[in-house]
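Since the structure comes first, as structure tokens, the remarks are kept for the end.
The values are calculated or read from the model by the stated rules, or taken from the named source; none is laboratory data. Predicted model only: the values in this text are computed from it and were never measured. Please note: Cβ atoms are built from the backbone with ideal geometry, for glycine as well, and neighbour counts cover all protein chains shown. Side chains included, ligands, DNA and RNA excluded: accessible areas come from the protein's heavy atoms. Shrake-Rupley method; radii C 1.70, N 1.55, O 1.52, S 1.80 Å.
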Amino acid sequence: MENLKLDATKDTPEINFDAQQHLIEVRGKSYPENTAEFYSPIFAWMEKYLSQLKDEEVTVNMDIIYFNSSSSKVLLDFFETLENAAGNGSNITVNWFYEEGDEDSLEFGEEFQEDFNSLNFKVVQKES
Amino acid sequence: MDDLYSLKQDFNKRGIFLSFSGPISQDLVVEIGATLKKKMKLEEAGKTTVLRVFSAFVENAQNILHYSAESNFGIIAVGSERDCYFILCGNSIDNERVEPLREKLTKIKSMSKEELKQYYKEQRKKGPDEDSKGGGLGFIEMAKKASRPIEFDFRKINDLHSFFSVRIVI
């Protein structure tokens, strides 16, 4: 399966999805004008990737400095997609990175951690 | 020319340090947002405060982009007073949007922080309403991050449009 790599832009994050290394990374800011348009190919890739997955260990690194409210909905859908795959036996670790002093990102991470019990969801403070 | 100076004095009096009036675009949201962050960092505002003000700016500006009845025209201003920052935003909307929006904001305004947190989670799970172009979460998110209840107002312009204004205090 092809990897999915997108450079960060002024309002969208860097996407680095590597199907061979089982590494999924989202890094940067997310507040595009049209959230659905940006994320639909990303979800298409995810669904294809997860459907082929057996018992390999997957690492998901989420390092998002800022996301708007419609991207917040996307994040929920993204974790739900992963949760469903994990419920089917996949071994998925999510690292939610936040910067020291960013209370809201920490809270978002902790809430996702509570909601997704089939994922190995870690909330990690970034090294400054 | 006197009028422009009195407008500036009025802004100073209200504590407004950044303002925009005109047709907004996503590029402008990015640029003005970056300027806002830079200015607040120079004032040594805390990280959470900078991000909350930036976030309220983006949500309001993108509301103008998605909902202004006057081809992306809107007014947005950011200021400080005592120990808070505030964001003012205004744009024309279709009259038929007034009541649903008033209802939504009245509901949000009456909620405690804990209720807002639950409501946010519920709405996020449920997905946006039919007439929403984003996640329908913007105002709930702003209310969660605000230090005071959201203030808002509607003024009828004519048979088609009303002017909607909102004030968020962080």
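For this structure, a couple of remarks:
- Exposure of A:Glu110 as accessible area (Å², to 10), given a probe of 1.4 Å and all protein chains: 80
- Distance from the C-alpha centroid of the range A:48-65 to that of the range A:80-107: 11 Å, rounded to the whole angstrom.
- The ratio of the alpha-carbon radius of gyration of the range B:11-128 to the globular-protein estimate 2.2 N^0.38 Å is 1.15.
- For the residue pairs B:Lys13/B:Lys41; B:Lys13/B:Lys156; A:Lys5/B:Lys144; A:Lys29/B:Lys121; B:Lys38/B:Lys113; A:Lys29/B:Lys125, the alpha carbons lie more than 24 Å apart in B:Lys13/B:Lys156; A:Lys5/B:Lys144; B:Lys38/B:Lys113.
- Computed log10 I(q)/I(0) for the protein assembly as shown at 0.07, 0.11, 0.15, 0.16 Å⁻¹: -0.29, -0.70, -1.23, -1.36, from the Debye equation with unit scatterers placed on every C-alpha and solvent omitted.
- Contact order relative to length of the range A:3-57, as percent, for alpha carbon pairs under 8 angstrom and 6 or more apart: 26
- Using C-alpha pairs under 8 Å with a sequence gap of at least 6, the mean separation divided by the residue count of chain A gives a relative contact order of 21 percent.
- Accessible area in the full protein assembly, largest first, 1.4 Å probe, for B:Phe164, B:Phe152: B:Phe152, B:Phe164
- Of all DSSP-defined beta bridges confined to chain A, some 30% are antiparallel rather than parallel.
- Considering only the protein assembly as shown, percent of DSSP beta bridges that pair antiparallel, nearest 5: 65
- Normalised contact order of chain B, rounded percent, pairs of Cα under 8 Å and 6 or more residues apart: 23
- Here's the picture: charge each Lys and Arg Cβ at +1 and each Asp and Glu Cβ at -1 in chain A, and of A:Asn68, A:Val94, A:Ala44 the one pushed furthest to the positive end of that dipole is A:Ala44.
- Averaging 1/r over every pair of different alpha carbons in chain A and inverting the result gives a Kirkwood radius of 14.8 Å.
- Looking at the range B:2-169, the DSSP beta bridges with both ends there are about 100 percent antiparallel.
- A crude spin-label estimate for the pair B:Ile75 and A:Leu6, with each label 7 Å from Cα along the Cβ direction, gives 3.7 nm.
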